[in-house]
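In what follows, a single structure is set out as structure tokens and then discussed.
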Amino acid sequence: MKLPDVQQEYETLRTELESAALVSHAEKYKELGPRLAKLEKIIKEAHAVTHAEKEVKELEELAAAPDSDIATMAEDELPRKRTEMEKHRKTLAGLLNPSPDEDISKIILEIRAGAGGQEAALFASELFTMYKNFAATKGWSFNLIDASQTDIGGYKEVVAEIEGDGVYQKLKYESGVHRVQRVPDTEKIGRIHTSTISVAVLPEARDVDIEVRPEDVKVEFFRSSGPGGQNVNKVETAVRLIHVPTGVIVTCQEGRSQQKNREKAMTILKTRLVDARRQAEEKKMSAERKAQIGTADRSEKIRTYNFPQDRITDHRIHQSFHNIHSILEGNLNEVIDLLVYDTDAVKS
């Protein structure tokens, strides 16, 4: 996509919206709004590039000025402004030439407690809240699909569906093992415990991605359960699907009807099967690549949350971030942006 084409399309869509009759304006905006917003984002970034380039040019001219004090100040400021300019250029290039991942607007998020017992389950709950809050800041929809809670409020496993513009591109690098180091509230002598939580971010499968034969799926119905396993529903609306050939099991108990839970469970089953097929293909075809850049397997530790030192370390890009509590509240932009816009570093 070229910038002049973006500007022309933006003006055309805006004119079409402005000329729409009042009664049809809402419908038109619902149809054209997302595309208009995406084009507007590109145009704003193009303006940011132009502005940054102008500032760099002005500083370069001042750095060559005979006045030594002004030249020194300009030279000191130039590295920061050049970095800012390159960041805007890189962002604009990504917006004009988006990766296929950017078009994936619906994902399945799965979080599972690993080593660490109740402490791992509690941190799984905190990660779930972190992603839920981050989704809210992006205007994405976030729907709980299935959850297995402990009696103290943690999650053994929790599954959610997130939908919104660019959701997979933003969250795909969250897949992997997250390690937490802290002193649990139940620890009496102040020892630091290490727990692990696995996160999977899967692009939701479409019907065209995979075909699942009805005879290969065993369907079970049961009552929804709450913390500790007690039944919270008198009607068996929860659904469990078992894919017999692979042994993959999916449950869904958040909907109010068997049919809705069954449909959502089937979507998740297809998503997991597509992901398993993709991983098998990658494993078969990329032996040489893995020798050079690592497996990128979910079993690899990707991030450590060290509470005593108030530090989060992402091991793929060798970057550390502070203010853990703010990040766990959903303020993930700094972390996410570094991962998304530095994919070469992620793969190194």
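Here, each number is a calculation from the coordinates, and none is a lab measurement. The model shown is predicted, which means the values in this text are computed figures rather than measured ones. Heads up, the Cβs are rebuilt from the backbone with ideal geometry, glycines too, and the neighbour counts pull from every protein chain shown.
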Practice task
Subtract the Cα-Cα distance of Glu84 and Gln258 from 0.36 nm times their separation in residues, and report this length gain in nm to one decimal.
Solution key: 57.4 nm
Practice task
Report the FRET efficiency, 1/(1 + (r/R0)^6), for Lys283 and Lys38, where r is their Cβ-Cβ distance and R0 is 45 Å, rounded to 0.05.
Solution key: 0.80
Fill in the blank from the handout: Once both label points are put 7 Å beyond Cα along the C-beta direction, the Lys132-Val244 separation in nm becomes 3.8 nm
Problem - Dipole in debye (nearest 20) - the stretch 3-96, about Cα centre, beta carbon charges: Lys, Arg +1; Asp, Glu -1 - result: 600 debye
Practice task
Could you list Lys28, Lys301 in order of exposure, starting from the residue whose Cβ has the fewest other Cβ atoms within 10 Å?
Solution key: Lys301, Lys28
Completion exercise
Given pairs Lys132/Lys283; Lys132/Lys188; Lys38/Lys172; Lys38/Lys87; Lys54/Lys81; Lys2/Lys28 and cut-off 22 Å on Cα-Cα distance, the over-length ones are Lys132/Lys283; Lys132/Lys188; Lys2/Lys28
Completion exercise
Between the modelled labels at Lys30 and Lys57 (7 Å from Cα along Cα→Cβ) the distance in nm is 4.6 nm
Problem - For q = 0.13 Å⁻¹, Debye-computed log10 I/I(0) when each Cα of the stretch 3-96 counts as one equal scatterer - result: -0.59
Exercise for the section: Among Val177, Val250, Val183, rank each residue by its count of other Cβ atoms within 10 Å, from fewest to most, as a rough exposure measure. Expected result: Val183, Val177, Val250
